[in-house]
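Visitor: Pasting in a structure now, in structure tokens, and then I'll have a few things to ask.
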Amino acid sequence: AEDTGVRVELNEEDDGKKSTIALKLWVEDAKKLKGKYKDTGAIEFTFDLQNEVPEVVAQEMVESGFFLECDAKIVGKSIRDRVALIKWRRVRTGSPN
Amino acid sequence: SATAQVVHSAGRRFIVSPVPEGRLKEP
């Protein structure tokens, strides 16, 4: 995945069954963001692989004050890339979801 | 505790925690 400066990782072991997974997001390289970033640490959240849209979660992070509007796209892309990888791994390992 | 909880109006819960050790790029 492209290095967006925003890192998203699993915050729990993926058993391949749950549709909702715990993720952790943090800024690895603030220089890659367009807006000024206030260092708040890592953000833990849950994401429904079947029903949620990464860009919507990114927008909620903007509305909660973690990021500026101009960085919503880059945050959304970072989440989308990680979600795609998780789904790909599940397909590869033959998980039901 | 170093964690803080932010609940978005849509109901999503964000928990702020320290960045995992060694996971920040060197400036």
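Visitor: Within the stretch A:1-53, list the GluC sites (Glu not before Pro) lying in a DSSP loop whose Cβ has at most 13 other Cβ atoms in a 10 Å radius.
Guide: A:GLU2, A:GLU12, A:GLU13
Visitor: Mind pulling the angle between the C-alpha long axis of helix A:54-63 and the longest principal axis of chain A? Nearest 10 degrees, somewhere in 0 to 90.
Guide: Tilt relative to chain A: about 30 degrees.
Visitor: Comparing A:ALA58, A:ALA22, A:ALA72, which has the greatest mean-square fluctuation in the GNM of chain A with Cα pairs linked when under 10 Å apart?
Guide: Ranking A:ALA58, A:ALA22, A:ALA72 by mean-square fluctuation puts A:ALA22 first.
Visitor: If each residue of separation counts as 0.36 nm, what is the full-extension length gain between A:GLU52 and A:LEU85 once their alpha-carbon separation is subtracted?
Guide: 10.3 nm
Visitor: Taking amide H positions as placed in the peptide plane 1.01 Å from N, state which residues far from B:PHE14 in sequence (5 or more) or on other chains have amide H under 5 Å from it.
Guide: Close amide H contacts, sequence-distant or interchain: B:VAL6, B:VAL7, B:HIS8.
Visitor: Here is a follow-up. Output the relative contact order of chain A, whole-number percent, from Cα pairs under 8 angstrom with separation of 6+ residues.
Guide: Numbers: 135 pairs, mean separation 28.9, N = 97.
Once divided by the residue count of chain A, the mean separation gives 30 percent.
Visitor: Now for a separate question. Let me understand the protein assembly as shown better: what is its radius of gyration from the alpha carbons, and its Dmax, in angstrom?
Guide: 14.1, 42
Visitor: If you don't mind, there's one more thing I want to ask. Rounded to the nearest 500, what is chain A's calculated 222 nm mean residue ellipticity when only DSSP H runs of at least 4 contribute -39500 (n - 2.57) each, over all residues?
Guide: Mean residue ellipticity at 222 nm (helix-derived): -11000 deg cm²/dmol.
Visitor: Here's another thing I want to ask about it. Can you give the mean number of other chain Cβ atoms that lie within 10 Å of the Cβ atoms in peptide B:6-14?
Guide: 6
Visitor: Once the Cβ-Cβ distance between B:SER9 and A:CYS70 is put in as r, and R0 is 22 Å, what FRET efficiency do you end up with, to the nearest 0.05?
Guide: FRET efficiency, B:SER9 to A:CYS70: 0.55.
Visitor: Dipole of chain A (Lys/Arg Cβ +1, Asp/Glu Cβ -1, origin at the Cα centre): which of A:PHE47, A:SER19, A:ILE86 lies farthest to the positive side?
Guide: The one lying farthest along the dipole's positive direction is A:ILE86.
Computed from the coordinates by the stated procedures, all read-outs in this text should not be read as laboratory data. It should be emphasised that the depicted structure is a prediction, and the values quoted were computed from it without experimental measurement. As a convention, Cβ positions derive from the backbone with ideal geometry for all residues, glycine included, and neighbour counts pool all protein chains shown.
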